[in-house]
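> Can you read through this structure? Questions will come right after.
Each reported figure results from applying straightforward, stated rules to the coordinates on display, with no laboratory input. All values derive from a computational prediction rather than experimental measurement. Cβ atoms come from the backbone with ideal geometry, glycine included; neighbour counts cover every protein chain shown.
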Amino acid sequence: MTTVDCYFDYVSPFSYLFHEQLHRLPEHTSVNYIPVLFAGLLKHWGNLGPVEIERKKIFTYRHCTWLAKRLGIPFRIPDTHPFVPLPYLRLTVAKGNDKEVITRIFRAIWTKEHDPATDAGRHAIWNEIDEPDADNFIGSTTVKQTLITNTEKAVENGVFGVPTLFADGELFWGLDSIDLLLDYLTDRNLFRQSEMKRLESI
């Protein structure tokens, strides 16, 4: 059994599309889901998010919409984006990073007409995933600290963006890295090949 860590944030459309492609992983692969705050990663590394640059934002929205259609994945950019993902990340922590909960939150945000940035939209999402009382337990100190710790540990592991899969100490960042990951899981010596090693010294 191979275990890979999956770092994600609901604010990222690529995280959603990536999540919908994880079924492509080998049968005996276990995914350890780790919610992190993308904004915290950006702040640490001194980066701007893709939607903080106007032309890049429009391109990102178009690209994701095109990708989703090409992959046959239901997709709709929320009316407000970016939005503050903290309630959804904290609920995930409170629910023990359960895959079904994660899937339902992703789909409620990225396929429905709920606005995750509004109180009404958030409550609609809670109802959508059968967690109408979610607001009552996402504010605990333990839940909040766990999310902070997740993000700090991600930084320690060199994670600079979402989605990122972490396998054997190697990072696989972004939706387009999944094929690279599949090749790596087939051949663990992939990055030890001479040309791959040369890249580390450039």
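> Kindly provide the GluC sites (Glu not before Pro) of region 125-200 that DSSP labels as loop, not H, G, I, E or B, and whose Cβ sees at most 11 other Cβ atoms within 10 Å.
Of the GluC sites (Glu not before Pro), the ones in loops of region 125-200 whose Cβ has at most 11 other Cβ atoms within 10 Å are E200.
> List the GluC sites (Glu not before Pro) within region 24-85 that fall in a DSSP loop (any state other than H, G, I, E or B) and whose Cβ has at most 14 other Cβ atoms within 10 Å. Please report the intermediate quantities before stating the final value.
Values: sites: E27, E52, E54; in loops: E27, E52.
Answer in residue order: E27, E52.
> Output ³J(HN,Hα) for region 167-178: one whole-Hz value per residue in order, computed from phi by the Karplus curve 6.51 cos²θ - 1.76 cosθ + 1.60 with θ = phi - 60°, and x for Gly and Pro.
For region 167-178, the Karplus-derived couplings read 9, 6, x, 9, 9, 10, 9, x, 4, 7, 8, 5 Hz, x marking Gly and Pro.
> Also, quick follow-up: Once a ≥ b ≥ c are taken as the square roots of the eigenvalues of the Cα gyration tensor of region 4-92, is the result rounded (a/c under 1.5), prolate (a/b larger than b/c) or oblate (a/b not larger than b/c)?
oblate
> Hey, if you put +1 on the Cβ of every Lys and Arg and -1 on every Asp and Glu Cβ in the chain, which of P74, I129, T146 ends up farthest toward the positive end of that dipole?
With unit charges placed on the Cβ atoms, the residue in question is P74.
> In percent, how large is the relative contact order of the chain, given Cα pairs closer than 8 Å and 6 or more residues apart? List each step's numbers first, then the result.
On the way: 253 pairs, mean separation 58.6, N = 202.
Averaging sequence separation for qualifying contacts and normalising by length gives 29 percent for the chain.
> How large is the dipole of region 2-199 about the Cα centre if only Lys and Arg carry +1 and Asp and Glu carry -1, each at its Cβ, rounded to the nearest 20 debye?
Roughly 500 debye, rounded to the nearest 20.
> Something else: Looking at L175, L42, H63, which one has the Cα that reaches farthest to the positive end of the dipole of region 2-199 (charges on Cβ: Lys, Arg +1; Asp, Glu -1)?
Working it through, the farthest residue towards the positive pole turns out to be H63.
> If you don't mind, there's one more thing I want to ask. Assuming a ≥ b ≥ c are the square roots of the Cα gyration tensor eigenvalues, decide whether region 82-123 counts as rounded (a/c under 1.5), prolate (otherwise, with a/b larger than b/c) or oblate. Before the final figure, lay out each step's value.
Details: a/c = 2.27, a/b = 1.45, b/c = 1.57.
Taking the square roots of the gyration eigenvalues as a ≥ b ≥ c, region 82-123 is oblate.
> What share of the DSSP beta bridges in the chain is antiparallel, in percent to the nearest 5?
Details: 7 of 14 bridges.
Beta bridges within the chain, antiparallel portion: roughly 50 percent.
> Using DSSP to call loops (not H, G, I, E or B), can you name the trypsin sites (Lys or Arg not before Pro) in region 115-202 whose Cβ has at most 12 other Cβ atoms within 10 angstrom?
R188
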